[in-house]
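Colleague: Once you've had a glance at the structure underneath, I'll fire off some questions.
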Amino acid sequence: MSRFRPALAPPEGGTTLTITGKGFVTPVPGLYFEASVDGKLCPSVRVESDSVLICTVPPGSGSRLTVAITPVVDISYGSPRAPVVFDIKLPPLVLPGFAYKGPTIERVVPTELPTSGGRLTLHGASLGVGEVSVRASDGVECTVVSAQADRVAVDDVGPGSGSEKHLTLRNRSGLSKAPFSYAAPVVTELHIDGAPDFPTWTRNESFTINGLNFGTHNTADLLRVTVGGIPASARLVAEHTSLLVRVPPGAGGRALVQVSLDGLSSLTNPETSIPYSRPHVLACTKSGAVQRAKSSIPDSSEVIDIFVQAQLARYYKNGIRQAELDLFGKPFSKESAKQATEIWSVLEPKIRRMQNKVNKDILVNSITKAWQAVKKSRGLGVEEDPRTKKRGIS
């Protein structure tokens, strides 16, 4: 035996293997040949000529395999009625260099998984032949649920995020890789407690985002939330499904909320937005005089803004360094501090005259809490008069 063709065949078998050499036709009575690939007998063998032997490749897998031809002599003796028959196998002729085709993954179904992971099916050729293993991008081995030549189903593809992921299938004949991705975040609901509108400045308000594909605590560093395009602080309340978001400063009107994880972002629409309070004119000043607005008391968030601005103006007038900036981060001036005080002086009597005691108490309590929070954040717990150096609790 000198060579064989082809040297590569599909793992399901059935390929015609042509072996060339010499001495396949011999006058020895009862001589025939067995052919095998990787030790497995070929299901059919025939001698074409003295130099050509044809056999059918059996099913199998692997590479660097051998092809062997074993001469067998069929010997019989005795009477025709009770012959004695036995075979004598001569040493085989062996050539290396045969291989079954390696696996080829053509597609993955589904093409993406939720960030919690799940099951995938790999479709292709020469997949589920012999011992099969499948690993995900993170190196974790998946559970092979079923394996066939044209498909392999795997479970336990672990949690993850992002689009540039792959699966690696390996069997005796080689390996094949196929891409897949995790799904982008999906916002299904925004849960807002308290007032219907958020102020344009933040007082540690927060809201909850419910949805899908928010990832795990292990991928939290890749999680981003924006409100109206402004980055917001967020943390996972429940892996994959719920986030708690602190409201960033914003402009009046509605602001779209978007969640991004590992480069993939949620779609936005009017249903995935939060409201900020719109501008509300309480009073106008001209030449130092206050012209009272004829509108009713504004909503609670605006009342709180006006009160806090007036209190900061009072601290500014007393020379307190921590109050040099107003509520919106702009430097106070004598005129702006005076205006803030006058606006509150117009609004305060209206609050005192509120008829609904319950609503009044709720509003006053909200104002107090908001002011205490601002004082704490700015270090304004103690007020100092720079002229007398006397200290007193504000």
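A short reminder: the numbers here are calculations on the coordinates, not readings from a lab. Keep in mind that this is a model prediction, so the values were computed, not measured. Heads up, the Cβs are rebuilt from the backbone with ideal geometry, glycines too, and the neighbour counts pull from every protein chain shown.
Colleague: Most mobile of 272, 26, 368 per a Gaussian network model of the chain (Cα springs, under 10 Å)?
Modeller: 26
Colleague: How do 273, 51, 377 rank when sorted from fewest to most other Cβ atoms within 10 Å of their own Cβ?
Modeller: If I rank by nearby Cβ atoms, fewest first, I get 377, 51, 273.
Colleague: Separate question: Among 331, 80, 43, whose mean-square fluctuation peaks in a Gaussian network model of the chain (Cα, cutoff 10 Å)?
Modeller: Highest fluctuation of the listed residues: 80.
Colleague: Sticking with this one: For the chain, return all DSSP H helices satisfying: extent of Cα atoms along own axis at least 18 Å; mean Kyte-Doolittle hydropathy at least -0.5.
Modeller: 300-317
Colleague: If you filter region 140-197 for GluC sites (Glu not before Pro), then keep DSSP loop positions with at most 11 other Cβ within 10 Å, what is left?
Modeller: Counting only loop positions with at most 11 other Cβ atoms within 10 Å, the GluC sites (Glu not before Pro) in region 140-197 are 164.
Colleague: May I ask for the distance between the Cα centers of region 124-138 and region 57-92, given as a whole number of Å?
Modeller: 36 Å
Colleague: I would also like to ask the following. Distance check, please: which entries in 40/89; 334/369; 317/357; 317/360; 330/360; 338/375 exceed 23 angstrom between their Cα atoms?
Modeller: 334/369; 317/357; 317/360; 330/360
Colleague: Give the Rg (one decimal place) followed by the Dmax (whole number) of region 71-111, computed from C-alpha coordinates and expressed in Å.
Modeller: Considering region 71-111 through its Cα atoms, Rg and Dmax are 24.0, 71 Å.
Colleague: Next up: May I ask you to evaluate 6.51 cos²θ - 1.76 cosθ + 1.60, the Karplus curve with θ = phi - 60°, for each residue of region 99-110 and list the ³J(HN,Hα) values in order in whole Hz, giving x for glycine and proline?
Modeller: With coefficients 6.51, -1.76 and 1.60, one gets 8, 8, 4, x, x, 9, 8, 9, 7, 10, 10, x Hz.
Colleague: Quick check on region 1-141: take the gyration tensor over C-alpha atoms, sort the square-rooted eigenvalues as a ≥ b ≥ c, and tell me if it's rounded (a/c under 1.5), prolate or oblate.
Modeller: Verdict is prolate for region 1-141.
Colleague: In whole angstrom, and with the biggest value first, how far do the Cα coordinates of region 107-165 range along each principal axis?
Modeller: Projected onto the principal axes, the Cα atoms of region 107-165 cover 31, 19, 16 Å.
Colleague: Here is a follow-up. Using only Cα atoms, figure out Rg for the chain and give it as a multiple of 2.2 N^0.38 Å. Numbers along the way, then the final one.
Modeller: On the way: Rg = 41.1 Å, N = 394, 2.2 N^0.38 = 21.3 Å.
So the Cα radius of gyration is 1.93 times the expected 2.2 N^0.38 Å.
Colleague: How would 242, 333 line up from fewest to most surrounding beta-carbon atoms within 10 angstrom?
Modeller: Listed from fewest to most nearby Cβ atoms, that is 333, 242.
Colleague: Looking only at 236, 212, 95, which one moves most when the chain is put into a Gaussian network model with springs between Cα atoms under 10 Å?
Modeller: 95
Colleague: What are the residues whose amide H is under 5 Å from the amide H of residue 255, where those residues sit 5 or more places off or on another chain and H is modelled from the backbone?
Modeller: Correct list: 274, 276.
Colleague: Which loop GluC sites (Glu not before Pro) in region 299-369, with loop taken from DSSP, have no more than 14 other Cβ atoms within 10 angstrom of their Cβ?
Modeller: The qualifying sites are 324.
Colleague: Then there is this: Filter the chymotrypsin sites (Phe, Trp or Tyr not before Pro) in region 313-367 to those in DSSP coil with at most 16 other Cβ atoms within 10 Å of their Cβ, and list the result.
Modeller: Listed in order of number, the matching sites are 328.
Colleague: Follow-up. Sort 32, 77 so that the residue with the fewest other Cβ atoms within 10 Å of its own Cβ comes first and the one with the most comes last. Don't jump to the answer; show the numbers that get you there.
Modeller: Values: 32 14, 77 8.
Lowest count first: 77, 32.
Colleague: Run the dipole for the chain about the Cα centre, Lys and Arg Cβ at +1, Asp and Glu Cβ at -1, nothing else charged, and hand back the magnitude in debye, nearest 20.
Modeller: Its charge dipole is roughly 2140 debye.
Colleague: Also, I was wondering about something else. For residue 31 paired with residue 86, estimate the spin-label separation in nm (one decimal), with each label point 7 Å from Cα along the Cα-to-Cβ line.
Modeller: 2.1 nm
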